[in-house]
Structures are given as C-alpha cells and as structure tokens.
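Here the structure is laid out as structure tokens; the discussion comes afterwards.
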Amino acid sequence: MWSYEKKLQYPVKIKNPNPALAKVIITQFGGPDGELGASMRYLSQRYSMPYGEVVGILSDVGTEELAHLEMVSAIVHQLTRNMTIEQIKESGFEPYFVDHTAGIYPVAASGVPFSAMAFQSKGDAITDIMEDLAAEQKARTTYDNILRLVDDPDVRDPIKFLRQRELVHFQRFGEALRICQDNLDSKNFYAFNPEFDKGRK
Amino acid sequence: MNKEKEKLMKMLQAMDFAIYETALFLDANPKNKRALDYFKKAREMRDQIREQYVEKYGAVNFGTIHGESWDWVETPWPWQYEG
C-alpha cells in the first residue's frame, strides 16, 4: 500500500503563470515518456520479478515517479493559475482549456491522452530492465528539450531536479541489469526466462 | 509562506531525499554497511526535523496528526503557490 506525504519531493514555486509552457510540460505527466507511464511501468513489472534487489529498485523508483508526477502537475497547475481568457488565447492554450479548463489531465504535448501502450511489462527480467534503462534516457531527453524551451528560472529549477533523477534511476537500473545477469547463465543470458521457467532463477 | 516555515520544509525535503537516495542505493547494494549506517543516521536527523516542522505547521502524514481537530484539510496542499 501507499500513504500520502503532504509535501513535494522538491519545491515548486513559480511566480509567473505561463500557459504556453504548461502545454509542453504536461507531456511529462501523461506523454509517452512521462512520469505516469514510468510509475505504472515499474510498479507493474515487480510481481513476477524473482530477485529481491530488483523488486526493491522497481518498488522504490516506481514510488518516486509518483512523487514526480505530483511535481510535474504542481508545475502545470502553477503555470495555469489565474489565467484570463486573453492569456489563454494568446498562448495557444485553447485546445487544452476547452477539454480540461485549468484541471490537470494526463496528455502528451501533442494532446494525445495517456496510454498504457507507452510502456511494457513483458514478464522477462532482462527485457523489462532494458526497457527501464531506455525509459530513463527518453525521459532525460524530454527534460533536456523542455530546458531548451524554458527561460524562467522558477520553472527550470524543478525541471533540472527531475532531469537529474533520470540519471540516478538509469544508474540503479544498470545495477539491476547486472544483478539479473549475475543470476543467469553466464554463457547465455537468454537460455531461460527466470520469471517464467519453473525452478530457474 | 513564511521564511521559517519554508526553511524547515526545505530541510525536511533534503533529509527525506537523503534517506530515499540511500534506500535506493541499498536496494542495489544491500550489503553496503557504510550506506546502511548513513541511512540510519539520516533517518534520525529527519525525524528530529519533522518533529519541529509538525509541531509548528501541522502534520505531513497520518502518522504525525496529533491535534484536537482535523486540520489536515486546512493546512495548505503542497502544489499551492505560496509567495
């Protein structure tokens, strides 16, 4: 189970609303490489994973991603608070506004709603950890792209924190891959699937 | 948000971060004694800071609710901008 901590993992304090930025940053909530997909990916992959260390990493990174989607949502919320209709029109925020007003909804920057098709839980240790490594890099690239688009230091600061976390998670998943491989047949990592083939882990 | 509250919250966030980061390292390196010692030390420091924060500004989770009224719904939510 989970229990709520009434605080953000890292402060988000944005003085100036800016719906144009909200439109691109929302992608890290509900987009193809966003925090919602990240969290669901790792938390779903845990159940058939045979190695305790790797289950620990998936559980704790998956939990941190929940904290990250709260941070991304806080950024989008603060960027869209007290908007006037003029500001909505000037910033091209109308398509989001007409569907969600100033509510927070998981969509990509392109407007496509969140889809579980953006992640996998394949039930094969090597396959899943390889996906996780790639996922952290894709999220890192997205944060790099956001940083190219954003000048406001109030927005850049929490985005830089989130970007940095992708690197740490990548590091931990690298260790998770090593742990999986250490438990497998060193001559052929693919000789069996430790999440499925009975008695082999 | 007043400066004192902001400062204490930042310290709490920093200590919780240290604990979390060490826990994640320990998941992958469970036999690392130095990391485990650091984890316990950091958790002790976090508990002290959390106690100070909670006493002045209210609960941060169900475990720290001690008041006579349910002010959980009155203290600000973390995404609310406080200038």
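Can you say whether B:LYS56 is without any contact (Cβ under 8 Å) to a residue 60 or more places away in the chain, away from chain A (no Cβ under 11 Å) and out of contact with any strand residue (DSSP E or B) (no Cβ under 6 Å at 6 or more places or on another chain), as far as the supplied structure shows? So B:LYS56 fits the description; yes. Meeting the requirement of 2 or more residues that are open to solvent by less than 30 Å² (accessible area, probe 1.4 Å) and within 14 Å of A:GLU131 (Cα to Cα), the helices (runs of 4 or more DSSP H) wholly within the range A:1-70 are A:35-45.
Within the range A:106-154, the set of residues being under 15 Å from A:SER44 (Cα atoms) and aromatic (Phe, Trp, Tyr) comprises just one member, A:PHE119.
The values are calculated or read from the model by the stated rules, or taken from the named source; none is laboratory data. From a predicted model like this one, the values you see are computed outputs, not experimental measurements. All Cβ positions, even for glycine, are placed from backbone atoms using ideal geometry, and neighbour counts span all protein chains on display. Each accessible area value is taken on the protein alone, full model and side chains, heavy atoms only, with ligands, DNA and RNA left out. Shrake-Rupley method; radii C 1.70, N 1.55, O 1.52, S 1.80 Å.
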